[in-house]
Amino acid sequence: MTQRRRIPRLIGSLLLVAAAGVGCGEAAADAQKAAAAEPEVRPLGRIVPVPASVAPEGEPFALSRTTRIGADTADRETRDLARYLAGLLRPATGFPLPVVDDQAARGGIRLRLSPAATELGDEGYRLHSAPDGVTLTARAPAGLFRGVQTLRQQLPSAVERKSVQTGPWKIAGGTITDTPRYAYRGAMLDVSRHFFTVDEVKRYIDQLALYKVNTLHLHLSDDQGWRIAVDSWPRLTTHGGSTEVGGGPGGFYTKAQYREIVEYAASRYQEVIPEIDLPGHTNAALASYAELNCDGVAPELYTGIKVGFSSLCVPKPVTYDFVDDVIREIAALTPGRYIHIGGDEAHSTSHADYVTFMDKVQPVVAKYGKKVVGWHQLTGTTPAEGALVQYWGLDRTPAAEKERVAAAARNGAGLILSPADRSYLDMKYTADTKLGLAWAGYVEVRRSYDWNPAGYLAGAPADSVRGIEAPLWTETLATTDDLDVMAFPRLPGLAELGWSPAATHDWDTYKVRLAEQAPRFDALGIDYHRSPEVPWPAE
């Protein structure tokens with residue numbers, strides 16, 4: 001993978017971001033100041049996403065060759081998390097960082113589970129740093145994992161490199177207490193328009209983990225390719241998975257490979273939601289099996305990017321045999337709570353047929369122990385109990401359509417917000433952006449960040465919003481470099497909207513913290529768009 005070469009000069013010390021990590025007026029002025037080098041000690045809490053509570057105090061902790069990482073070694077998850085942390089820190093520091101029992105790690109870094117810390121919830125954590133050690137406390141392992149991401153961002157960005165770097169490796173003194181705003185903080189990767197390998201998906205999972213994303217939505221089927229093996233319908237992959245946009249070789253995941261992705265995501269405390277888009281976006285399936293077409297004739301495989309032309313045959317009984325088999329096999333592979341059934345852009349399906357189809361298919365999801373997620377067109381019918389509706393409309397979407405979604409939320413449906421002109425990572429930044437599409441408009445970094453999920457959809461109760469998701473569609477994206485430059489730097493901002501308290505939301509202070517991520521992007525080999533809206537370090 002070819003990366004742009006940069007010689008970063010990093011943003012230097014700015015005012016401490018106390019309490020919630022923001023201070024609008026002063027930091028807005030400081031946003032325009034750049035110094036020659038990264039500070040030796042990053043101010044506590046000046047990370048992405050910004051923590052809920054930051055209390056700087058005292059001198060920093062210094063990582064050294066004698067530092068140990070402690071955990072309750074009788075607890076497998078805590079021990080594994082300590083090993084994960086050691087694995088992150090060893091390459092750049094060159095330190096051995098042995099993982100030992102908690103009591104043997106005095107003066108080092110200690111990971112502790114405290115079931116009594118109910119105020120931290122399932123994903124919250126408390127990080128205390130002082131010269132005599134760092135203690136990371138959480139009620140549950142997921143909280144320890146999120147805290148590890150904060151710890152690594154508090155260290156100099158060079159800690160992300162895979163070869164030994166010059167220290168020092170210091171963590172500012174004080175205490176961070178942090179819990180997420182929303183339980184659902186997602187990102188979607190479209191592997192149907194262009195196929196991405198298991199290792200490429202794992203790479204994206206690791207990028208998401210750094211910013212505390214907890215859900216990976218995999219778009220596994222579309223007109224251009226079917227990407228998951230289904231034993232009862234094998235031609236879905238051997239034929240339907242044999243190409244992609246532009247006519248490339250395509251590909252698919254065997255069941256073992258899909259399990260590998262799911263297990264890797266779980267090791268980063270991310271839940272995988274598989275999507276099989278129905279009843280439209282189904283040309284790959286229709287091309288694979290003639291009987292799924294109303295006329296019994298299989299169309300040709302499709303390698304373009306138009307939408308809305310395909311549909312399963314709603315009146316045929318075989319359609320529901322097909323859907324039952326697919327959902328049964330995918331549900332058996334997926335330990336998570338949800339299966340996404342798509343439902344968008346079914347322009348070739350009449351409204352009556354769409355309602356009939358969704359009324360038959362939603363119970364199939366429940367039959368196999370899962371809950372439904374669907375794009376917001378699902379509100380044209382009755383969402384199943386416990387369903388999540390994913391809104392992908394625009395600021396300019398007609399009020400009647402927005403009200404239909406809001407009404408479903410008032411009736412109990414949960415909302416995932418993915419407004420295309422705010423959160424779609426495949427939208428061009430500007431007219432000059434080489435990759436991406438622009439049907440939703442241009443989405444620069446500030447536009448992507450500067451909105452409030454709780455009040456975005458008028459008429460929807462604030463507590464109906466379960467969280468947000470950043471979809472990355474791949475009609476024009478074929479490589480990991482392509483994914484990088486479209487996801488970054490917008491993804492971290494969307495992650496912050498999902499994690500950080502509403503009171504911390506401020507573009508002028510956020511853009512400073514985002515700019516300070518640049519050397520971390522470089523160290524991790526992440527290509528990114530150098531938006532003129534962000535005061536990046538000089539190249």
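Some values worked out for this structure:
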{"read-out": "Per-region count, segment 215-271, residues of a type in the set (S, T, N, Q) and part of a helix (DSSP H, G or I)", "value": "4"}
{"read-out": "Filter pass, T150 being open to solvent by 10 Å² or more (accessible area, probe 1.4 Å) and either modelled with pLDDT of 95 or more or closer than 17 Å to Y264 by Cα (or both)", "value": "no"}
{"read-out": "Only one of R235, R259 that is closer than 29 Å to F521 by Cα and at pLDDT 95 or above", "value": "R259"}
{"read-out": "Residue selected from segment 33-79 under the condition of a type in the set (D, E) and open to solvent by 60 Å² or more (accessible area, probe 1.4 Å), by the criterion farthest from S163 (Cα to Cα)", "value": "E57"}
{"read-out": "In segment 313-350, the residues that are open to solvent by less than 60 Å² (accessible area, probe 1.4 Å) and touching a Lys or Arg at 6+ places or on another chain (Cβ under 7 Å)", "value": "Y320, A331, L333, Y338, I339"}
{"read-out": "Selection count where residues are part of a loop (DSSP other than H, G, I, E, B) and open to solvent by 10 Å² or more (accessible area, probe 1.4 Å), scope segment 95-112", "value": "5"}
{"read-out": "Qualifying residue in segment 447-455 (condition: over 14 Å from P419 (Cα atoms) and basic (K, R))", "value": "no"}
{"read-out": "Segment 480-493 residues that are more than 16 Å from E533 (Cα to Cα), paired with ones that are surrounded by fewer than 24 Cβ atoms within 10 Å (Cβ to Cβ) and of a type in the set (D, E) (beta carbon under 7 Å, 6 or more apart)", "value": "T480/E200; D481/D527; D484/D527"}
{"read-out": "Verdict on A523 being assigned to a loop (DSSP other than H, G, I, E, B), hydrophobic (A, V, I, L, M, F, W, C), within 26 Å of K202 (Cα to Cα) and over 17 Å from the mean Cα position of the chain (by Cα)", "value": "no"}
{"read-out": "Selection within segment 120-131 - touching a residue at least 60 places away in the same chain (Cβ under 8 Å), open to solvent by 10 Å² or more (accessible area, probe 1.4 Å) and either closer than 24 Å to A523 by Cα or over 21 Å from the mean Cα position of the chain (by Cα) (or both)", "value": "A130, P131"}
{"read-out": "Which listed residue, of G186, G173, G251, G247, is on the phi < 0 side of the Ramachandran plot and surrounded by fewer than 22 Cβ atoms within 10 Å (Cβ to Cβ)", "value": "G173"}
{"read-out": "Residue in segment 133-141 that is among the basic types (K, R), open to solvent by 60 Å² or more (accessible area, probe 1.4 Å) and in a loop (DSSP other than H, G, I, E, B) present", "value": "yes"}
{"read-out": "Criterion (open to solvent by 30 Å² or more (accessible area, probe 1.4 Å) and under 29 Å from P537 (Cα atoms)) met by exactly one of T509, T479, T504", "value": "T479"}
{"read-out": "Subset of segment 199-209 [surrounded by 19 or more Cβ atoms within 10 Å (Cβ to Cβ) and either under 10 Å from the mean Cα position of the chain (by Cα) or in a loop (DSSP other than H, G, I, E, B) (or both)]", "value": "Y204, I205, Q207, L208, A209"}
{"read-out": "Residue in segment 289-308 that is open to solvent by less than 10 Å² (accessible area, probe 1.4 Å) and under 17 Å from L189 (Cβ atoms) present", "value": "no"}
{"read-out": "Among the candidates A458, A478, A440, residue that is more than 15 Å from the chain's Cα centre (by Cα) and either more than 30 Å from A384 (Cα to Cα) or polar (S, T, N, Q) (or both)", "value": "A478"}
{"read-out": "Residue match in segment 84-96 (condition: without any contact (Cβ under 8 Å) to a residue 40 or more places away in the chain, farther than 23 Å from A158 by Cβ, touching a strand residue (DSSP E or B) at 6+ places or on another chain (Cβ under 6 Å) and not charged (D, E, K, R))", "value": "no"}
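The values are calculated or read from the model by the stated rules, or taken from the named source; none is laboratory data. Fair warning: this is a prediction, and the values are worked out from it, not measured in the lab. Positions of Cβ are backbone-derived with ideal geometry, glycine not excepted, and every protein chain shown enters the neighbour counts. Calculation scope for accessible area: heavy atoms of the full protein, side chains included, ligands and nucleic acids excluded. Shrake-Rupley method; radii C 1.70, N 1.55, O 1.52, S 1.80 Å.
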